[in-house]
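**Student:** First, the structure itself, so that you have it in front of you.
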Amino acid sequence: MPRACRVCGSTRVTSAGRVRPYTDYEAEVQECAECECRFVDHDGAVYDLMHRAPSSSYASHERLAADVSAAFRRGDVAGLRAELSRSEKFRFIIDSIDAMSGAARILEMGCSKGYLGAYFIAAGRDYTGVDVSATAIDVATRLFGQHFMVGEPREGLSYDVIYHVGTIGCVESPIRFTRALLSRLRPRGTLLFNAPNVAAARERKTAWIPATPPPDLVTLFSERFWEAQFSDAALVRVTCVRADPIDVLRWRLAVGRRASERPARLSVLGEGVIPPSRTSSKKAVRSTVRPAVAGLARTLQRLHALPQLTSEFGMYVTMIKR
């Protein structure tokens, strides 16, 4: 009997290859001809373990929360905005919500350790953050106050805007998750999020995107998926952006090296021993060097010596509830 798509339930599923990001973890990537998504099996226990493990790639969440907390304690709203807006996905959320009424009730799903929510709290917004990880919520509450909770938002409350960042590719049922969020919005309320783009894997001729392997990220989406699945419930707008030229250059330089690298050990998930991802553990390009590297990368793209690729997480979705 054909395997059913975890995302849409179709049986028009084939293998897109296998990924082995760790020596003791391997997954088969399935591709659905119906919804055009790629997916692997989902394990909900992974996320709190990654928040707890200091060697996990999630350690960057704690560093960002610590960096943001200094400006938060000073009440430096402009500084928070500037710091967070360095990330394109955070800027998308901030710009979208800043254009809305100051009285809007805001819900963040998958708030992690509260770093993005800190901006809205500091700005005096009506904000609540929710995450499945008790570890993450403990940190968020300690740094930014009693605006966070574990699990699900309170029953009976509706919201003017709901957003999530880096979350939709990690849930077991993206359709059920999204419909549940739309149901929590007031009429004409807004749902905002970014999603991992399956086109990024196809362009790179890999089964999965390089930046975030399973078992953390478990679904890659097609651009048409959102309109096809949710046009009955919302007005849907999807914007896909190109990858930063520096990221493309890093990817090109890393291709040959990764092929010969021995993967890190995932160890036993139940012990919470999870190593950092190879991409997240690399040091960022120094600010004094970055403009020169970016210029080189753009020149190589103009000369067609370096491809222009789709951003792995640069699919930005806006839904206005009907």
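**Student:** Just a yes or no: is a residue in the stretch 73-85 open to solvent by less than 40 Å² (accessible area, probe 1.4 Å), in a strand (DSSP E or B) and of a type in the set (G, A, S)? It would help to see each step written out before you state the result.
**Tutor:** Residues of the stretch 73-85 that are open to solvent by less than 40 Å² (accessible area, probe 1.4 Å), as a first pass: 79-80, 84-85.
Filter once more, so that each one left must be in a strand (DSSP E or B): none.
No, the stretch 73-85 contains no residue that is open to solvent by less than 40 Å² (accessible area, probe 1.4 Å), in a strand (DSSP E or B) and of a type in the set (G, A, S).
**Student:** Hey, another quick one. Checking V150 against (1) touching a strand residue (DSSP E or B) at 6+ places or on another chain (Cβ under 7 Å); (2) in contact (Cβ under 8 Å) with a residue 40 or more places away in the chain; (3) open to solvent by 10 Å² or more (accessible area, probe 1.4 Å); (4) not basic (K, R): exactly one of these is not met. Which one?
**Tutor:** Status for V150: all satisfied but (2).
**Student:** Just to verify a result, which residue in the stretch 3-26, among those that are under 23 Å from the mean Cα position of the chain (by Cα) and among the β-branched types (V, I, T), is farthest from I168 (Cα to Cα)?
**Tutor:** The selected residue is V19.
**Student:** All but one of (1) more than 17 Å from I209 (Cα to Cα); (2) surrounded by fewer than 17 Cβ atoms within 10 Å (Cβ to Cβ) hold for R6; which doesn't?
**Tutor:** So R6 meets the others, but not (2).
**Student:** Modelled with pLDDT of 55 or more, in a helix (DSSP H, G or I), β-branched (V, I, T) and out of contact with any Pro (no Cβ under 8 Å at 6 or more places or on another chain) - does that describe any residue in the stretch 312-321? Before the answer, list the steps.
**Tutor:** In the first step, residues of the stretch 312-321 are kept if they are modelled with pLDDT of 55 or more; the result is 312-321.
So of that shortlist, the ones also in a helix (DSSP H, G or I) come out as none.
Scanning the stretch 312-321, I find no residue that is modelled with pLDDT of 55 or more, in a helix (DSSP H, G or I), β-branched (V, I, T) and out of contact with any Pro (no Cβ under 8 Å at 6 or more places or on another chain), so the answer is no.
**Student:** Just give me the residues in the stretch 104-141 being in contact (Cβ under 8 Å) with a residue 40 or more places away in the chain, farther than 21 Å from L49 by Cα and open to solvent by 40 Å² or more (accessible area, probe 1.4 Å), in sequence order.
**Tutor:** R105, A123
**Student:** If I go through the stretch 99-120 residue by residue, how many of them are hydrophobic (A, V, I, L, M, F, W, C) and either assigned to a strand (DSSP E or B) or more than 15 Å from A65 (Cβ to Cβ) (or both)? If you could, list the steps in order and put the result at the bottom.
**Tutor:** Restricting attention to the stretch 99-120, the residues satisfying the condition of being hydrophobic (A, V, I, L, M, F, W, C) are 99-100, 103-104, 106-107, 109, 111, 116, 118, 120.
From what is left, the residues that are either assigned to a strand (DSSP E or B) or more than 15 Å from A65 (Cβ to Cβ) (or both) are 99-100, 103-104, 106-107, 109.
Counting residues in the stretch 99-120 that are hydrophobic (A, V, I, L, M, F, W, C) and either assigned to a strand (DSSP E or B) or more than 15 Å from A65 (Cβ to Cβ) (or both) gives 7.
**Student:** Pairs, please: C-beta under 8 Å, at least 6 apart or cross-chain, first residue modelled with pLDDT of 95 or more and in the stretch 1-26, second part of a strand (DSSP E or B) and aromatic (F, W, Y)?
**Tutor:** Listed by first residue and then by second, the contacts come to C5/F39; R6/F39; V7/F39.
**Student:** Could I ask something else about it? Which condition does S96 not pass, out of (1) in a helix (DSSP H, G or I); (2) modelled with pLDDT under 95, if it passes all the others?
**Tutor:** Looking at each condition in turn, S96 falls short on (2).
**Student:** Further question: Does the stretch 24-37 include one or more residues that are part of a loop (DSSP other than H, G, I, E, B), open to solvent by less than 50 Å² (accessible area, probe 1.4 Å), in contact with a strand residue (DSSP E or B) (Cβ under 8 Å, 6 or more places away or on another chain) and of a type in the set (V, I, T)?
**Tutor:** No: the stretch 24-37 contains no residue that is part of a loop (DSSP other than H, G, I, E, B), open to solvent by less than 50 Å² (accessible area, probe 1.4 Å), in contact with a strand residue (DSSP E or B) (Cβ under 8 Å, 6 or more places away or on another chain) and of a type in the set (V, I, T).
The values are calculated or read from the model by the stated rules, or taken from the named source; none is laboratory data. Given the structure is predicted, the values throughout are model-derived calculations rather than measurements. Heads up, the Cβs are rebuilt from the backbone with ideal geometry, glycines too, and the neighbour counts pull from every protein chain shown. The area values use the complete protein model at the heavy-atom level, side chains included, leaving out ligands, DNA and RNA. Shrake-Rupley method; radii C 1.70, N 1.55, O 1.52, S 1.80 Å.
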